[in-house]
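Undergrad: Before I ask anything, let me first share the structure, which is written out below as structure tokens.
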Amino acid sequence: MDFKLKKVERKGRQMDFSTLSEAIINGNRDVATKETQAAVDAGVPASDILQEGLIAGMSVVGQKFKANEFYVPEVLVAARAMKSSMGILRPLLAEANVQAVAKVAIGTVQGDLHDIGKNLVAMMLEGAGFEIIDLGVDCSPDKFMEAVKQNGASVIALSALLTTTMPSMKDTVEVFKQAGLREQVKIMVGGAPLTQDYADSIGADGYAPDAASAVDLAKDLIAA
């Protein structure tokens with residue numbers, strides 16, 4: 001897969017983001033942190049570093065994951081490199097009032113304590129520019145509701161690994177319907193035992209079979 005160099009004009013010269021993006025792709029946390037700080041020190045806006053360096057790199061990671069060129073371990077190390085850079089950028093983005101793509105509240109549903117898949121999706125979404133509200137595991141429908149009411153999440157992502165906990169997804173959709181908030185939030189679901197048919201049957205807005213697809217789905221949902 002070809003990686004296109006990203007350059008942005010800044011202070012009379014071009015900033016080359018390829019080293020930063022490649023560090024993210026390769027999961028090289030030290031280089032990612034160094035390049036991010038160097039760009040900040042050079043006066044590059046945090047939004048440019050985020051878009052042209054971090055998000056560009058994680059986009060390639062997602063493409064490689066879907067193409068079976070990367071597997072979960074490679075995605076995890078890439079996401080960790082991205083998070084190290086975000087540690088530098090996050091306060092600068094807040095200071096500049098840079099808005100996230102959308103707020104996503106994500107959690108494993110009630111009765112289910114599995115979180116590997118949920119964590120992977122959360123990291124991929126953050127790498128795509130979403131603000132993540134990680135609710136953890138064993139999340140009741142009311143906990144998702146609270147994330148929407150108090151934190152302004154416009155998307156909720158429900159994860160389940162156990163078939164016995166899948167009904168909690170339906171319960172969560174129903175809670176939003178009963179509260180009259182169903183039209184205000186997009187609900188996406190995922191997990192090993194789920195299918196598109198099940199997502200349709202409970203009234204979810206979408207289903208993603210893997211973390212990379214979850215990013216595409218979230219983007220499609222907020223654009224709809």
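Undergrad: What length, rounded to one decimal in nm, is gained on full extension from residue 74 through to residue 16, with 0.36 nm per residue of separation minus their alpha-carbon distance? Kindly include the intermediate steps, with their values, before the conclusion.
TA: Working: separation 58, 0.36 × 58 = 20.88 nm, distance 2.40 nm.
Taking 0.36 nm per residue and subtracting the Cα distance, the gain is 18.5 nm.
Undergrad: Continuing with the same structure: With a ≥ b ≥ c the root eigenvalues of the C-alpha gyration tensor of the range 165-224, is it rounded (a/c under 1.5), prolate (a/b larger than b/c) or oblate?
TA: Working: a/c = 2.40, a/b = 1.18, b/c = 2.03.
In terms of gyration-tensor shape, oblate.
Undergrad: Under 15 Å from a point placed 7 Å out from the Cα of residue 201 along the Cα-to-Cβ direction: which residues of the range 108-138 have their backbone N that close?
TA: none
Undergrad: Could you compute Rg(Cα) / (2.2 N^0.38 Å) for the chain, with N its residue count?
TA: Values: Rg = 18.1 Å, N = 224, 2.2 N^0.38 = 17.2 Å.
So the chain has a normalised radius of gyration of 1.05.
Undergrad: Tell me which residues come under 5 Å, amide H to amide H, from residue 153 once H is placed; ignore anything under 5 positions away on its chain.
TA: Under 5 Å from the amide H of residue 153: 148.
Undergrad: List the GluC sites (Glu not before Pro) within the range 22-89 that DSSP assigns to loop and that have no more than 13 neighbouring Cβ atoms inside 10 Å. Could you put the intermediate results ahead of the total?
TA: Details: sites: 22, 35, 52, 69, 74; in loops: 69.
Counting only loop positions with at most 13 other Cβ atoms within 10 Å, the GluC sites (Glu not before Pro) in the range 22-89 are 69.
Undergrad: If I fit a long axis through the Cα atoms of helix 116-127 and take the longest principal axis of the Cα atoms of the chain, what angle between them do I get, 0 to 90°, rounded to 10?
TA: Approximately 50 degrees, to the nearest 10.
Undergrad: Now for a separate question. By how many nm would the segment from residue 88 to residue 219 grow when fully extended, if each residue of separation counts as 0.36 nm and the alpha-carbon distance is taken off?
TA: Values: separation 131, 0.36 × 131 = 47.16 nm, distance 2.49 nm.
Answer, rounded to one decimal: 44.7 nm.
Undergrad: Which pairs in the list 66/143; 66/186; 118/149; 118/186; 66/219; 103/170 are over 26 Å apart, alpha-carbon to alpha-carbon? Can you show the working numbers first?
TA: Numbers: 66/143 31 Å; 66/186 23 Å; 118/149 22 Å; 118/186 17 Å; 66/219 16 Å; 103/170 22 Å.
The pairs that break the limit, which is 26 Å between Cα atoms, are 66/143.
Undergrad: At a Förster distance of 41 Å, what's the computed FRET efficiency of residue 34 paired with residue 151, Cβ-Cβ distance as r, to 0.05?
TA: Details: r = 33 Å, r/R0 = 0.80.
Efficiency at R0 = 41 Å is approximately 0.80.
Undergrad: For the chain, take the longest principal axis of its alpha carbons; what is the angle in degrees between that and the long axis of helix 211-223, to the nearest 10 within 0 to 90?
TA: In the chain, helix 211-223 runs at an angle near 80 degrees to the longest axis.
Undergrad: Can you list the aspartates and glutamates whose alpha carbon is less than 17 Å from that of residue 177, not counting same-chain residues fewer than 8 positions off?
TA: 142, 146, 200, 205
Undergrad: Of the chymotrypsin sites (Phe, Trp or Tyr not before Pro) in the range 51-116, which ones lie in a loop per DSSP and count no more than 15 other C-beta atoms within 10 Å?
TA: Working: sites: 65, 70, 71; in loops: 70, 71.
Passing both the DSSP loop test and the Cβ count: 71.
Undergrad: If you take every DSSP beta bridge fully contained in the chain, what fraction is antiparallel? Give it as a percent rounded to 5. Can you show the working numbers first?
TA: Numbers: 4 of 22 bridges.
Expressed as a percentage, antiparallel bridges in the chain total about 20.
Values quoted throughout were computed directly from the atomic coordinates according to the rules given, and no laboratory measurement underlies them. Predicted model, so just to flag it, every value in this text is computed and none were measured. Cβ coordinates were reconstructed from backbone atoms using ideal geometry, including for glycine residues, and neighbour counts include every protein chain displayed.
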